[in-house]
Structures are given as structure tokens and as C-alpha cells.
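Would you mind keeping the following structure in view while I ask a few things?
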Amino acid sequence: MTAHLIARRSELVSKAVDRRLFLTMAVAGLAAGCTTPDPTQRFADLTFTGRPPIPLDVAQVDVVDEYRMPLADPNVEHRAPLAPSAAAERWARDVLQAAGTGGRAVFRVTNGSLVEIPLKTTTGLKGLVTVDQAERYAATIEGQLDLYGADGRILGNAEAKASRTQTIAENASLNDRQRLWYSLVEATANDFAGAMETAIRQKLVVYIR
């Protein structure tokens, strides 16, 4: 084979390699340009700004979360898109108002749990074609509002509790559970808001401006 033919073949091979490299890079570029939809669900921020505010005859309102998440089964509030204790805190910040010149109010979240309770499901051959409710989730919110005078003396308090449960099928996906957790906590928080506001108006009415 002459030197001319060898050079010509090398040139053809080089062009073929360059073309393949170009095509590979073009395909990679197109793939990078196509974004994959984010599978993470988005949930609305829970607010209570639509509820009537409660102006209290105090100079400041403190909100304290005393509930400590176990971060272990059967509790699942740390995995939920909305924790019950966070919902209770939001209620207090949106509704309770300082409208006085002295003293303070302290709202404490004493319980904010979301617990998973296993349910009995069908076993054997029948279980293969049966879709049972596999777990029950129980949400609980408890809170207490204490009012203190300028001298630190306690003036009065009000407390409330709300609980709800809901089951889920054994074939539910993680997204299904996330939606259930959110809706369950939202409903429980609204129940708590109503109960707490009623308790305040009954037991602390003289301190509402």
C-alpha cells in the first residue's frame, strides 16, 4: 500500500470518528436540555389569616413548641409535608395578637403527633386479590395559652385538643400517603383552631380587647 493510500485512509477514518463524536455530543446536549419533571409534590402553605384575629390585652405573644418528635416509628410527623405542631404554631402566629401595654401571652404546643397504626389485612390466596386498608393514621394537636401580668403573675389560661384518624389502602404509593398526611393534619389543625378559639373566648374573655 502506497504512502498516499495510507494517508487517504487515515483521513477518512479521522473524519468518521469526528462525525461520530459530533453526533454523540449533539445527542447528549439534547438530553441535557430536556428537563425531567420533578416528582416531588408541592403542597400549599397552611395559613389561618382568614380567621378572625384575637387581640389580647398583653404587650407580647410568645409561641413555644414543646412537642419533641420521636423521629421513629410509629410516629411519622417528621416525614409528613405538614407537621401537626407546625400547623398549631402557624395558627397562633396568624390569630393571636398583642394589643395591650403590659404582660405577655405564651402559647404552647404540648402535642403534635402523627402516628401510624397497622391494621389486620387479608392473608392467603384471598389476600392476593384483596386490597385492604393497611394502616390507620392518627393526628393529634394539643395546646395551651397562658396569660401573665406585667408582674409575672398568671392571669388565666385556656387549652384545647383535636384528634382525627384516617385509613389508607395497602397499595397506596408514597405520594398517596403524603397527600393523606397533609389533608389529615390540615383538618385536625382547623378543628384545633376552632376549639382553641372557643376556649379563649370562654375562659379569657376579659383579656380580649
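With the convex hull built on the Cα atoms of segment 70-209, state its orientation-averaged projected area in nm².
If you wrap the Cα atoms of segment 70-209 in a convex hull and average its projections, you get 9.8 nm².
Probe of 1.4 angstrom, ligands and nucleic acids ignored: what's the accessible area per residue over segment 128-209, in square angstrom?
Here the residues of segment 128-209 average 50 Å² of exposed surface.
Could you pull out the trypsin sites (Lys or Arg not before Pro) across segment 114-152 that fall in loop regions by DSSP (anything but H, G, I, E, B) with no more than 12 other Cβ atoms inside 10 Å?
Counting only loop positions with at most 12 other Cβ atoms within 10 Å, the trypsin sites (Lys or Arg not before Pro) in segment 114-152 are Lys120.
Which aspartates and glutamates have a Cα less than 17 Å from the Cα of Lys203, not counting those fewer than 8 places away in the same chain?
The qualifying aspartates and glutamates are Asp57, Glu142, Asp146, Glu159.
A follow-up question, please. How long is the gain from Gln60 to Thr167 if the chain were fully straight, where each residue apart is worth 0.36 nm and the alpha carbon distance is subtracted?
Gain on extension, Gln60 to Thr167, equals 34.4 nm.
Still on this model: State the percentage of accessible surface on segment 58-122 attributable to carbon and sulfur atoms; use a 1.4 Å probe and exclude ligands, DNA and RNA.
46
Now for a different question. Between Arg51 and Leu119, what is the label-point separation in nm under the 7 Å Cα-to-beta-carbon projection?
Computed distance between label sites Leu119 and Arg51 equals 2.9 nm.
7 Å from Cα along Cα→Cβ at both Ile208 and His78: what's the point-to-point distance in nm?
Label at Ile208, label at His78, 3.8 nm between them.
How much length is gained if the chain between Arg153 and Lys126 is pulled fully straight, taking 0.36 nm per residue apart and subtracting their Cα-Cα distance, in nm to one decimal?
Taking 0.36 nm per residue and subtracting the Cα distance, the gain is 3.2 nm.
The values are calculated or read from the model by the stated rules, or taken from the named source; none is laboratory data. The structure presented is a predicted model; accordingly, all values stated were derived computationally and were not measured. All Cβ positions, even for glycine, are placed from backbone atoms using ideal geometry, and neighbour counts span all protein chains on display. Heavy atoms of the whole protein, side chains included, go into the accessibility calculation; ligands, DNA and RNA do not. Shrake-Rupley method; radii C 1.70, N 1.55, O 1.52, S 1.80 Å.
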